[in-house]
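To start, the structure itself, in structure tokens.
The values are calculated or read from the model by the stated rules, or taken from the named source; none is laboratory data. Quick caveat: nothing in here was measured; it's all calculated off a predicted structure. Backbone-built Cβ (ideal geometry, glycine too); neighbour counts: all protein chains shown. Protein only, heavy atoms only, side chains kept; ligands, DNA and RNA dropped before computing areas. Shrake-Rupley method; radii C 1.70, N 1.55, O 1.52, S 1.80 Å.
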Amino acid sequence: MREHLPLHLRLAGAAQLSILIASALVPFRLNWKRDLASLPKLHAQMYWTYGGYIVGCIVAFGVGSLFLADELADGTLLARCVCGFVAAFWGVRVALQPVFDAKPYLTAWWLKTGYHTLTVLFAALALVYGFAAACP
């Protein structure tokens, strides 16, 4: 399996960048402009900042995985730590999935399908990076 790890990491990189397509829809589908307007300005600014940090992390994970897959798969302590961090990032996201009350927003079949597809994708990312982190 280790010999195929760079390919899996490249695919994971592409998958993470594709997640950003769905992420770009969130502010519109959840009507952030309207809902955040009722918050104090600092709260809204922090919300957007946190969102930006998450997008930045996903971009870094995706681009790093696409262009540095061989290095991430080489089993060095640094590579394993980076992969462990990415695995934890996606693992926590999967663990939080049941906490989110998304049902009111899943009003069409394609939204439901996308939501569940993202859940599977988050779990797959946690597994790929977890494997890369655990195997020296």
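Each residue in segment 8-17 was checked for being farther than 20 Å from Gly114 by Cβ and open to solvent by 10 Å² or more (accessible area, probe 1.4 Å), and 2 pass. For segment 10-33, what are the residues that are over 14 Å from the mean Cα position of the chain (by Cα) and part of a helix (DSSP H, G or I)? If the condition is that a residue be over 14 Å from the mean Cα position of the chain (by Cα) and part of a helix (DSSP H, G or I), then Arg10, Leu25, Pro27, Phe28, Arg29, Trp32, Lys33 are the ones that fit. Criterion applied to Leu36, Leu5, Leu20 was being surrounded by 15 or more Cβ atoms within 10 Å (Cβ to Cβ) and either in contact (Cβ under 8 Å) with a residue 24 or more places away in the chain or closer than 18 Å to Leu125 by Cα (or both), and the one residue passing it is Leu5. Among the helices (runs of 4 or more DSSP H) confined to segment 62-136, the ones with at least 2 residues that are within 14 Å of the chain's Cα centre (by Cα) and surrounded by fewer than 17 Cβ atoms within 10 Å (Cβ to Cβ) are located at 77-96, 109-134.
Every condition in (1) among the polar types (S, T, N, Q); (2) at pLDDT below 95; (3) under 25 Å from Glu3 (Cβ atoms) is met by Gln97 except one, and the failing one is (3).
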